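Shown next, in structure tokens, is the structure this report addresses.
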Amino acid sequence: MVKKVVILGGGAAGIDVLELLHRGKEDTEKMELTLIKKEKEGFFSTCGLPFALQGMYSIKELELIEPKFYIDKGVDFRTGTEVTGINLGDGYVSVDTGEDIKYDYLVIATGSKPFIPPIEGTNLEGVYTLTGKEDGERIEAAMNANPGNALIIGAGLIGLQTAVAFSKKGIKTTIVETLPYPLPTILDADMTSIVQKWLHKEVTFIFGKPVSAIKGNQQVSAVIVGEEEIPADIVLIAAGMRPNVDIAMKAGIETGESRGIVTDRSLHVKKGKSYLDNVYALGDCVEVLDAVTSRPRLSQLASTALIQARVVANNILGISSSYEPCLSPTVAAISGLQVGSVGVISETARRYGIKIKTGNAIKYTKARFFPGRKLIIVKLIFEVDTAKLIGAQIISEETVAERINELTLAIKAGITANEICMRERCFEPSLTMVEDVIVDAAVKALM
């Protein structure tokens, strides 16, 4: 019997499921795989766009796989196609060509969409978001038209990385953030101040003031921030992403307090009081359970989507699998500075009534006598009652990702501050210090 699997969405989540099913289907009964996406590209790496705008490579290089690759493998790979409806009762999806496509299994990987503030002028020419190839090409063209001023709404990762691209092009750049500091979802204020200082020659920050309007006659010319009018030839809206769940909600699929699709541990969606055995959801459009707070939230990361894709693919292939509560380890490179975070930040702990103790440390990445050593700053967050690690933040010019991965495992394992101090570690002067900065931070937390 042929199983028909239909995947809605061709971002990281949808493509990961497609790849895993295609690898695994030889060991099971035959499958017919259909993927439907509104974009024209096969697989496009959106997270690489800020670096393309910085001139590291061309935007074209971010299309990692063309549609023909999948079509030649027998996949019904449909680009430039919109899904107009899901009929859960009769098991089919409708598309904008008028066709109804039957499924045995449905995978919803519809991703996210940018939050657009409800202010005047967001539809003017010169106002952009950065969510795909076409957005990147439009921004690149605007950058090459010799603009004098750019303004970015939002001081998250996309906003900061794109600000670096504007600055490298000689564009005077201002970042506006309603909260008091940059990267407010992944770093504490004391850590974000390091990032702000690092970027102070490249961008101007305005904190704690809302954008009330974008002005211009067809083309943007200025932005009203508080009571100040700031000139702008380019405006990037980078105020966060929202789950793209309209088509799911229209079908009666439940969404949660974070606006993401509600699923069980197997990533089945919920309709009414029941989870549907043959309908899955994953990626930016779903709600996850936080591993520290046990509260629902979003985890809009390609690394999250990959793990979820393994769960979905395994279950479709008949291998029982479940998705565990989420820590969302995050790293980013911003103008040569690496920033990493995992677990909760102090504000999240406070919001959920978790009493914490923190430890901060600054050391070198290598022995103090070794050439090329870099400073590394670490903040560890421990729960007071158990002394277990529940959060970590790291900033340096190197080795941040490796340490964030290590600390992700430590949080999962319930490691305490004392256990970090007493654990054996490797040492070689060209690679490490004999006592690592993570140990120092744990010692500070114990004082």
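Having 1 or more residues that are farther than 19 Å from Leu130 by Cβ is the bar; report the strands (runs of 3 or more DSSP E) wholly within region 1-114 that clear it.
On the way: elements: 3-8, 31-36, 63-65, 76-78, 83-87, 92-95, 100-102, 105-108, 112-114.
The qualifying strands (runs of 3 or more DSSP E) are 3-8, 31-36, 63-65, 76-78, 83-87, 92-95, 100-102, 105-108.
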- [ ] From (1) within 20 Å of the chain's Cα centre (by Cα); (2) among the aliphatic types (A, V, I, L, M); (3) under 30 Å from Val279 (Cα atoms), pick out the condition that doesn't hold for Ile59.
- [x] (3)
- [ ] Please list, ordered by first then second residue, the pairs with beta carbon atoms under 6 Å, 6 or more apart or interchain, first in region 75-98 and closer than 19 Å to Val279 by Cβ, second aliphatic (A, V, I, L, M) and not in a strand (DSSP E or B).
- [x] Val83/Ile247; Ile86/Ala251; Leu88/Ala251
- [ ] Return yes when Thr173 is more than 25 Å from Lys40 (Cα to Cα), touching a helix residue (DSSP H, G or I) at 6+ places or on another chain (Cβ under 9 Å) and modelled with pLDDT of 95 or more and no when it is not.
- [x] yes
Task: Among (1) among the polar types (S, T, N, Q); (2) surrounded by fewer than 20 Cβ atoms within 10 Å (Cβ to Cβ); (3) closer than 30 Å to Val164 by Cβ - the single one Gln338 does not satisfy - done: (2)
Open item on the list: Taking the condition of being within 25 Å of Ala333 (Cβ to Cβ) and part of a loop (DSSP other than H, G, I, E, B), how many residues in region 399-421 meet it?
Closed with: 1
Task: Segments classed as strands (runs of 3 or more DSSP E), wholly inside region 228-293, with at least 3 members that are of a type in the set (A, V, I, L, M) - done: 234-237, 274-281
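So which of Ile438, Ile420, Ile394 ends up being of a type in the set (Val, Ile, Thr), closer than 19 Å to Ile356 by Cβ and either surrounded by fewer than 18 Cβ atoms within 10 Å (Cβ to Cβ) or in contact with a Gly (Cβ under 7 Å, 6 or more places away or on another chain) (or both)? Outline the logic, then answer.
Values: Ile438 fails: either surrounded by fewer than 18 Cβ atoms within 10 Å (Cβ to Cβ) or in contact with a Gly (Cβ under 7 Å, 6 or more places away or on another chain) (or both); Ile420 fails: either surrounded by fewer than 18 Cβ atoms within 10 Å (Cβ to Cβ) or in contact with a Gly (Cβ under 7 Å, 6 or more places away or on another chain) (or both).
Being of a type in the set (Val, Ile, Thr), closer than 19 Å to Ile356 by Cβ and either surrounded by fewer than 18 Cβ atoms within 10 Å (Cβ to Cβ) or in contact with a Gly (Cβ under 7 Å, 6 or more places away or on another chain) (or both) holds for just one of Ile438, Ile420, Ile394, which is Ile394.
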Open item on the list: Give me the strands (runs of 3 or more DSSP E) completely within region 322-385, filtered to those with at least 3 residues that are of a type outside the set (Val, Ile, Thr), under 20 Å from Arg403 (Cβ atoms) and in contact with a Pro (Cβ under 9 Å, 6 or more places away or on another chain), ordered by residue number.
Closed with: 337-343
Task: One residue from Thr131, Thr97 being under 25 Å from the mean Cα position of the chain (by Cα) and of a type in the set (S, T, N, Q) - done: Thr131
Task: Selection status of Lys201, under 22 Å from Ala333 (Cβ atoms), surrounded by fewer than 18 Cβ atoms within 10 Å (Cβ to Cβ) and more than 23 Å from the chain's Cα centre (by Cα) - done: yes
Task: Pairs, first farther than 18 Å from Ala163 by Cβ and not assigned by TED's automatic domain parsing to the domain that holds Lys169 in region 120-141, second surrounded by 17 or more Cβ atoms within 10 Å (Cβ to Cβ) and of a type outside the set (A, V, I, L, M, F, W, C), C-beta under 8 Å, six or more apart - done: none
Open item on the list: Restricting to region 1-60, count the residues that are out of contact with any helix residue (DSSP H, G or I) (no Cβ under 7 Å at 6 or more places or on another chain) and more than 30 Å from Glu140 (Cβ to Cβ).
Closed with: 15
Task: From Ala109, Ala155, residue being at negative phi, in the same structural domain as Met31 (by TED's automatic domain parsing), at pLDDT 95 or above and within 22 Å of the chain's Cα centre (by Cα) - done: Ala109
Open item on the list: Can you say whether Glu424 is outside the structural domain of Met191 (by TED's automatic domain parsing), in a loop (DSSP other than H, G, I, E, B) and either at positive phi or not β-branched (Val, Ile, Thr) (or both), as far as the supplied structure shows?
Closed with: yes
Task: Subset of region 123-146 [crowded, with 18+ Cβ neighbours inside 10 Å and either at positive phi or outside any helix (DSSP H, G or I) (or both)] - done: Gly126, Val127, Tyr128, Thr129, Leu130, Thr131, Gly132
Open item on the list: Give all pairs with beta carbons closer than 7 Å in which a residue from region 344-360 that is closer than 11 Å to Asp385 by Cβ meets a residue that is modelled with pLDDT under 95 and of a type outside the set (Phe, Trp, Tyr); count only pairs at least 6 apart in sequence or on separate chains.
Closed with: Lys355/Asp385
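The values are calculated or read from the model by the stated rules, or taken from the named source; none is laboratory data. Here the structure is a predicted model, which means the values were calculated and not measured. Backbone-built Cβ (ideal geometry, glycine too); neighbour counts: all protein chains shown.
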